[in-house]
Structure formats: C-alpha cells, structure tokens
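The next block holds one structure in the form of structure tokens; read it before the comments.
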C-alpha cells in the first residue's frame, strides 16, 4: 500500500527552507541566471506559504548525482534546489540553464510544488523559451496552445520567469507519472 | 484561571473562506461534510470496487484552505524523462548524525535552544522506506518537523497560546541506512487548535519529507499516533477517503523499540509511489 501524501501545512518554515537552498550556483558566476515567479491561487492571489523544489541537468546535460545540496560549497553542482515563496508569493532560484539530457531532447527543470491548503504535492516542468527542441517534445506537442504556454518560461532581464497557477484561468498543467506496467 | 479561547488563524496570511467567517462553521457542519463525501466514496463503482481514494482528494472543501489551492484539471500522464528518473542525492556532508535526535537541545541550523531536555514523552520513531517495487530507499534524506508536547510549533505564524519549550525546536533530519531504515528520537507532539472552523483540533502528528530513488517519488506527508480520538473530526486526515490508506499514515506502538526506563517506541514504514527499477540508469 502506497503511503498517501498530506499537506505541508503552515509550519514548514522552520524545517525545510535553509540558507543556500535556492542557490544552485553562486549569483556571481558568469553563466548564472535567475529562475523566478509567483505562485497564485484560484482567486489570482499570491500564495505566501508555498515551497518549490527543482531538479535539473547541468549546462552540458549531465544529470548530477552529487551530495552537498544542504551545505553548498559553491563549486559542486548538485542539480537540486528548494525555495519557499516570500510574502508576495515569489520563489527565486539562482542556477544555470539545463542542457538536453539526450541528443535532441528539450531541456527542462523538473518541479514539485507544495503549499498549505494543497493536500498532495504537484509535479510540473519548466521548459526554456524558444528552444528548438520544444517543437518535437512529446509533452509539449500533446497540449493545445494555452496549456502548452503554462509550461514554458519567459525570458526577462536576469533569466527566466515562470509563474505557477494552482487553479483557474491559465491553470498550470500538472503531471502524473504512472508506474510502468 | 482564565484561558483564552480565541481561535487562531491557520497562518497570518490566511485568505478568507468564501461567504463566511471560518470560525462560524461548527465541527458538526464539518463532520457532516466529511460524512457526505465518505458516503459517496464508499459507493461501489460499476466494476464493483469502492471508489475511495488512496491519495488525498486535493479538492476537499471540508479543509477550507484547499478550496482555492487545488487544480481543477486532471494531471497529464507523462513518462518520466531522464532528469525525473534520478532523485537528488544527499550524504554525510548534508546531515550530521545528531540531527536525528530532537531531544538534545541545541540543534544545527537553529539558535533558539539551549542545552537542556525538552518536556514531554520521549519516543523513538523508526521504520523502513521502500519504493513502489519494494526496493529500499538507501542513503536518502528524511526531514521531520512537529509541535512540542504542548501542541506548539516554533514558527512566526503560530498563535496557539501554549508554552514554547526552550529546549525543543521540533526539527530533525537523518539519512536512511543501507536497508532503507530511518530512526529519530523525539518527544510525542501534542494536538493543537487551528483556524479551519470553530473548535478545530489537529490530531497529534509528525510531518515527514521524503525522497525516493527517483525524483517522481517525492513525498511530503504526516505520521499519526494510534487511537487518536481526533481522527474522525480532522478534514486533513479524512481527505483520504479509503480507510486502509488512512491507516497507512498511523504508526504502530512497538514494545520491542521501547527502551527500558527511557522512551516509548513507534514503528512507521513508508512506501513511496512509482517504480525506480526500469527508470534508473545504470550506476556508474
């Protein structure tokens, strides 16, 4: 019997966020980008008590299997980060653009979303804007344009912006990964 | 002695519940909503199986904060790709062994505790974590957080007028061993009031954050204690409509893990979703 999920609740702030959690690379690095956005509820109000985690390949497409995410040394790329949303509902990571993990595949950040009021975690993906491989990506090409747009970040002055809408107009497409038969 | 009965809100930024003040809703009304959803779930589907959900219903109005915070569209089924088949890695650089003992006062990452023992019933919580194929989740990070024995969290939005314990932060971490076993020493948390409705109380619980053998096995959940009288009243626990699935969140008292003259023992095993086997790339 699979263990069911439960909401992260309102009191994770003392336990899960930690210094350096959102900094997959130091902000001063030449290829560092900011990946940020706001998490919204069904009324369009920002959610100040959500937690976002990302998992990603490095710039060359390698999948990191390195420890050290909780005590970053500034040199080891672990490919995992955690950011709580602030009072304005904003999460923010400092990282690098992921490369394609297989030849010709569309790179993306794998994302998991938690929040008070959300009874189980949600998975989604953040694809890169205008990446040539997006057109042949199986998930993106299975979606109609409004849904597809919810999974693609937009470029801004410092990197990428990706808002997450839990409900309502522009609701983010969330994912279910079935067990293989 | 006068005791304040002012209910707290769930968090300082709690959004208003549509059409009413949350505190105007009674436990009886919430319990009736819980019962109605449970009755629907108990009805057999056309293939003869009960439709009870083994995962929580994310659309579960008795838990008021879920109303505006659940997706309305079904999730898209997709095969996990490379980055989703590999869990993040943690190790001894990340976690100090003493972080698994919440009873020792001063704690890594906090400064609110001094060296002294927390008040409460000392307990050991242990168990095994496996993935959907029964493979142990070895060397992986487990994080927990909980209220103290009086039902109070160390948190800026906590408004329950119960005492803080200067020797208890309620936060712990450990790594599983080669068999997927974890072990924490802590104190038993108390139940606490919350702002979902008038006289709402959460059953005592410990929050668990778990990673599996693949990114897609990520889980955050809550462990409960056997025989809690608040189970039937709690809209978060009851959001799982299948009784066996709810039971999977309840630890078992284990006398073999009770330490003579020292602490009570509880066992709670965890099964994560999904297979890691055919997704996992060959180890280097």
Since residue B:157 meets every condition but one in (1) within 10 Å of chain A (Cβ to nearest Cβ); (2) within 20 Å of residue B:273 (Cα to Cα), which condition does it not meet?
(2)
Looking at segment B:168-178, is at least one residue within 22 Å of residue B:32 (Cβ to Cβ), surrounded by fewer than 22 Cβ atoms within 10 Å (Cβ to Cβ), in contact (Cβ under 8 Å) with a residue 12 or more places away in the chain and within 12 Å of another protein chain (Cβ to nearest Cβ)?
no
Within segment A:123-155, restricting attention to residues that are without any contact (Cβ under 8 Å) to a residue 40 or more places away in the chain and in a strand (DSSP E or B), which residue is nearest to residue A:53 (Cα to Cα)?
A:127
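Which of the residues belonging to segment B:261-281 are assigned to a loop (DSSP other than H, G, I, E, B) and either buried (at least 18 other Cβ atoms within 10 Å of the Cβ) or modelled with pLDDT of 95 or more (or both)? Reasoning before the result, please.
Of segment B:261-281, the ones assigned to a loop (DSSP other than H, G, I, E, B) are B:261-262, B:268-269, B:272-281.
Across segment B:261-281, the qualifying residues are B:268, B:269, B:272, B:273, B:274, B:275, B:276, B:279.
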Given segment B:146-238, what strands (runs of 3 or more DSSP E) lie entirely inside it while holding 3 or more residues that are modelled with pLDDT of 95 or more and within 19 Å of residue B:57 (Cα to Cα)?
B:219-224
Please state which of the following conditions residue A:171 fails to meet, knowing it meets all the rest: (1) more than 8 Å from every other protein chain (Cβ to nearest Cβ); (2) within 25 Å of residue A:90 (Cα to Cα); (3) free of Cβ contacts under 8 Å to residues at least 40 places away in the same chain.
(1)
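Somewhere in segment B:118-128, is a residue within 12 Å of chain A (Cβ to nearest Cβ), modelled with pLDDT of 95 or more, under 18 Å from the mean Cα position of the chain (by Cα) and buried (at least 19 other Cβ atoms within 10 Å of the Cβ)? Quick ask: steps written out before the conclusion?
Going residue by residue through segment B:118-128, those that are within 12 Å of chain A (Cβ to nearest Cβ) are B:127-128.
After this cut, where a residue has to be modelled with pLDDT of 95 or more as well, the list is B:127-128.
This time we only want the ones that are under 18 Å from the mean Cα position of the chain (by Cα), so: B:127-128.
When the remaining residues are screened for being buried (at least 19 other Cβ atoms within 10 Å of the Cβ), the result is B:127.
The answer is yes, given that some residue of segment B:118-128 is within 12 Å of chain A (Cβ to nearest Cβ), modelled with pLDDT of 95 or more, under 18 Å from the mean Cα position of the chain (by Cα) and buried (at least 19 other Cβ atoms within 10 Å of the Cβ).
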Scanning segment A:139-158 for residues that are more than 10 Å from chain B (Cβ to nearest Cβ) and either exposed (fewer than 13 other Cβ atoms within 10 Å of the Cβ) or more than 14 Å from the chain's Cα centre (by Cα) (or both) gives A:140, A:141, A:144, A:145, A:146, A:148, A:149, A:154, A:155, A:156, A:157, A:158
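Report whether or not residue A:15 is without any contact (Cβ under 8 Å) to a residue 24 or more places away in the chain, surrounded by 18 or more Cβ atoms within 10 Å (Cβ to Cβ) and within 25 Å of residue B:160 (Cα to Cα). Write out each step before concluding.
Values: without any contact (Cβ under 8 Å) to a residue 24 or more places away in the chain: yes; surrounded by 18 or more Cβ atoms within 10 Å (Cβ to Cβ): yes; within 25 Å of residue B:160 (Cα to Cα): yes.
It is true that residue A:15 is without any contact (Cβ under 8 Å) to a residue 24 or more places away in the chain, surrounded by 18 or more Cβ atoms within 10 Å (Cβ to Cβ) and within 25 Å of residue B:160 (Cα to Cα).
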Would you confirm, using the coordinates I've provided, whether residue A:88 is more than 21 Å from residue A:57 (Cβ to Cβ) and surrounded by fewer than 16 Cβ atoms within 10 Å (Cβ to Cβ)?
yes
Among the numbered criteria (1) within 13 Å of the chain's Cα centre (by Cα); (2) farther than 13 Å from residue A:164 by Cα; (3) within 13 Å of another protein chain (Cβ to nearest Cβ), which one does residue A:123 miss?
(2)
Across segment B:53-88, what is the total count of residues that are closer than 19 Å to residue A:55 by Cα, facing chain A (nearest Cβ under 7 Å), in contact (Cβ under 8 Å) with a residue 12 or more places away in the chain and assigned to a loop (DSSP other than H, G, I, E, B)?
3
If I filter segment B:48-59 down to residues being out of contact with any strand residue (DSSP E or B) (no Cβ under 8 Å at 6 or more places or on another chain) and at pLDDT below 65, which single residue comes out as surrounded by the fewest Cβ atoms within 10 Å (Cβ to Cβ)?
B:48
Residue count, segment A:113-138, condition surrounded by fewer than 23 Cβ atoms within 10 Å (Cβ to Cβ), within 15 Å of residue A:172 (Cα to Cα) and out of contact with any strand residue (DSSP E or B) (no Cβ under 6 Å at 6 or more places or on another chain), comes to 0
Condition first: more than 9 Å from chain B (Cβ to nearest Cβ) and buried (at least 22 other Cβ atoms within 10 Å of the Cβ). Now tell me which residues in segment A:91-105 satisfy that.
A:91, A:93, A:94, A:95
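The values are calculated or read from the model by the stated rules, or taken from the named source; none is laboratory data. Small disclaimer: the values here were computed from a predicted structure and weren't measured. Neighbour counts run over all protein chains shown; Cβ positions are idealised from the backbone, glycine included.
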